[in-house]
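Undergrad: This structure is in structure tokens; I'll ask about it shortly.
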Amino acid sequence: MLTPKLSYTGLMTTLPKVTKTAEAQEMRVALSQPTSGRRLIQTLAQQQATLLRKLIKVGTVGYANDPKSRRTLLVEDKTGIRVLGLDGKDIPRPIPVTYKTVAFSLANFVTMLATPEFEDLIRHMYLDSAGNVTIGIGHLIRDAGTAVALHNSGSFTFARLMGGRRATDAEVIADYNTVINAEGSNKKARAFASITALRVVDSEVRALALIAATSRFNKFMQSGRHPDFNTYPIEVQMVIIDMVYNLGQSGFFSKFPNFEKAVKHRDWHTAKAESSRTSEGKPLVARNNATATLLQAAARKSSERYFISTDPKIAKLVKIVTPSGTLMLIKAP
């Protein structure tokens, strides 16, 4: 059943808001007459059902899960505005929309991180945009002691650029000091290749990033912040974990509340608009563009076409079926 039975009280309340035409006035009078009122309600219900079936068929409206009520509601495509019946009531779908589970691959995530648009893979120490010594796929090295400990961890080894032999602890410290004392962090990461003497191998860099990504992913999932994460499109999953990896979990949670709200409503359009990151007050242009591209891809997926908008400008607005068989934008009843 596409639409619930129309409510007499709802119709009497909504008709004046929908239109002030003579047609609406006649309907209100007819509704007040027991016999003609029942017949009119049946006619309006049929007209409403016919219109909605047509709109659903052409894709103007569709159903989306409401994370608040846990019901499936009819919404308008592209805007996410709720569509109400002529009586001002929601038009829930008897069978809720279900989203398939999407497996998240940490290995694929690390591969994405290693691209220039995200962290890149740098085989020598360098200064990031905040002036921190970093290596590999965005791995922070807090001080010279941390660099030495990493070198002696058994899974990550610095080697001399010339000759390829394993570096000494003193050489690791010397390379660290060369980088930390370099002028400015405005240099491109790869520019530090000319002043550093040590290198690491790709496989160890990727393994280290996988360990870090796994730890942060598990911590994020344990937070329970996004219980539907496993049903988000893979592009959205990648963006979220990248933000957690890049900003830290607390940084992500504190700095992107609007992004999180939009994601929970599966509103990938708004999520895209709320996903822009900065570092030291400067936008991360390449990363932001890559993130926007991923979220745009999620928005284009047919299974994710409809959403319930979180835009505060239209939060109080709804589209409602009119007596003449169209949709009209009004304030929520």
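Undergrad: Cross-link candidates for Lys54: which lysines have Cα within less than 27 Å, leaving aside residues fewer than 8 places away along the same chain?
TA: Cα-Cα hits under 27 Å: Lys5, Lys17, Lys20, Lys78, Lys89, Lys100, Lys301, Lys316, Lys319, Lys331.
Undergrad: Hey, what angle do you get for helix 285-300 against the long axis of the chain, alpha-carbon based, 0 to 90 degrees rounded to 10?
TA: 40 degrees
Undergrad: Out of these labelled values of semi-axes √(5λ) of the Cα gyration tensor in Å, (i) 25, 25, 22; (ii) 31, 25, 19; (iii) 59, 17, 14, which was calculated from the coordinates shown here?
TA: Checking each listed value against the structure points to (iii).
Undergrad: Give the residue list of trypsin sites (Lys or Arg not before Pro) in segment 90-175 that are DSSP loop and have at most 15 other beta-carbon atoms within 10 angstrom.
TA: The qualifying sites are Lys100, Arg142, Arg165.
Undergrad: May I ask for the net charge around Glu204, where only other residues with Cβ less than 15 Å from the Cβ of Glu204 are counted and Lys, Arg are +1 while Asp, Glu are -1?
TA: +3
Undergrad: Separate question: Explain nothing, just the number: relative contact order of the chain, from Cα pairs under 8 Å at least 6 residues apart, as a whole percent.
TA: Across the chain, relative contact order equals 21 percent.
Undergrad: Helix 234-247 sits at what angle to the longest principal axis of the chain, using alpha carbons and giving 0 to 90 degrees rounded to 10?
TA: 50 degrees
Undergrad: What FRET efficiency comes out for the pair Glu183/Thr60, r = Cβ-Cβ distance, R0 = 56 Å, nearest 0.05? Mind dumping the intermediate values first?
TA: On the way: r = 59 Å, r/R0 = 1.05.
Calculated value: 0.45.
Undergrad: Helix-only mean residue ellipticity at 222 nm, the chain, DSSP H runs n ≥ 4 weighted -39,500 (n - 2.57), per residue, nearest 500. What is it?
TA: So the helix-based figure for the chain works out to -14000 deg cm²/dmol.
Undergrad: Sort 313-319, 9-15 for me by packing, meaning the mean count of neighbouring Cβ atoms within 10 Å per residue, highest on top. Could the numbers behind the result be given before it?
TA: Details: 313-319: 14.4, 9-15: 17.9.
Averaged packing, sorted descending, gives the order 9-15, 313-319.
Undergrad: To the nearest 10 degrees, how steeply does helix 169-180 sit against the main Cα axis of the chain, on a 0 to 90 scale?
TA: Compared with the principal axis, the helix lies near 50 degrees.
Undergrad: Grab the other residues whose beta carbon is less than 11 angstrom from that of Lys255, score K and R as +1, D and E as -1, and report the net.
TA: -1
Undergrad: Oh, and also: Counting only DSSP beta bridges with both residues in the chain, tell me the antiparallel percent, nearest 5.
TA: 90 percent
Undergrad: Based on the alpha-carbon gyration tensor of segment 115-245, what equivalent-ellipsoid semi-axes (square roots of 5 times the eigenvalues) come out, in whole Å, largest first?
TA: 30, 16, 13
Undergrad: How do 276-285, 150-159 rank on mean C-beta neighbours within 10 Å, highest first?
TA: The peptides rank, most packed first, as 150-159, 276-285.
Undergrad: Please find the FRET efficiency linking Ser155 to Thr98, where r is the Cβ-Cβ separation and R0 is fixed at 41 Å, and quote it to the nearest 0.05.
TA: 0.45
Undergrad: Could I ask something else about it? Treat segment 72-189 as a sphere of radius equal to its Kirkwood radius over Cα pairs and apply Stokes-Einstein at 37 °C in a medium of 0.692 mPa s; give the translational diffusion coefficient in µm²/s, rounded to a whole number. Working shown, then result.
TA: On the way: Rh = 18.7 Å.
Result for D is 176 µm²/s.
Undergrad: Also, I was wondering about something else. Along Cα→Cβ, 7 Å out, is where each label goes; now give me the distance between the ones at Thr214 and Val201 in nm to one decimal.
TA: Taking the two extended label points, one gets 1.9 nm.
Undergrad: Segment 259-273 to segment 124-166: how many Å between their Cα centroids?
TA: Value for the Cα centre distance between the two parts: 37 Å.
Undergrad: Same structure, new question: Count the net charge of all other residues whose Cβ sits under 13 Å from the Cβ of Phe192, scoring Lys and Arg as +1 and Asp and Glu as -1.
TA: +1
Taken together, the values in this text are just the output of simple stated rules run on the coordinates, not laboratory data. Remember, it's a predicted structure, so these values are computed and weren't measured experimentally. Counting neighbours? That spans all protein chains shown, and the Cβs are built from the backbone with ideal geometry, glycine included.
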